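Each remark here refers to the structure printed beneath this line.
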Amino acid sequence: MSTINRVRAVIAEQMSCDLDDVMPSTRIEKDLMADSLDVVEISMALEEEFEIELDDSKPYVTVMDIAAEIDNILERKSEK
């Protein structure tokens, strides 16, 4: 499964919403109405799913922003 689809699945599960509601352009806070606790829980679930550590200081607005950052982290991990 691609990174974007895995990210969508994790977010849909964490937000208890339909996968079709979580598209690459979906904004986490504005479209899914995620509060700060939701964002933390999503971040933790993604870190567990991908076995990575996300930078909490970066502003991830859309699902695609998160997927792109995860791809970058995984690419850097594979180069080591």
Problem - Selection count, region 40-62, where residues are closer than 16 Å to M1 by Cα and in contact with a helix residue (DSSP H, G or I) (Cβ under 6 Å, 6 or more places away or on another chain) - result: 3
Completion exercise
For region 46-59, pairs from a residue that is under 18 Å from Q14 (Cα atoms) to a residue that is outside any helix (DSSP H, G or I) and open to solvent by less than 100 Å² (accessible area, probe 1.4 Å), with Cβ under 9 Å and 6 or more apart or across chains, are L46/I52; L46/L54; E47/L54; L54/Y60
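The values are calculated or read from the model by the stated rules, or taken from the named source; none is laboratory data. Everything quoted here is computed from the prediction, not taken from an experiment. As a convention, Cβ positions derive from the backbone with ideal geometry for all residues, glycine included, and neighbour counts pool all protein chains shown. Just so you know, the surface numbers come from the protein's heavy atoms only, side chains and all, with ligands and any DNA or RNA stripped out. Shrake-Rupley method; radii C 1.70, N 1.55, O 1.52, S 1.80 Å.
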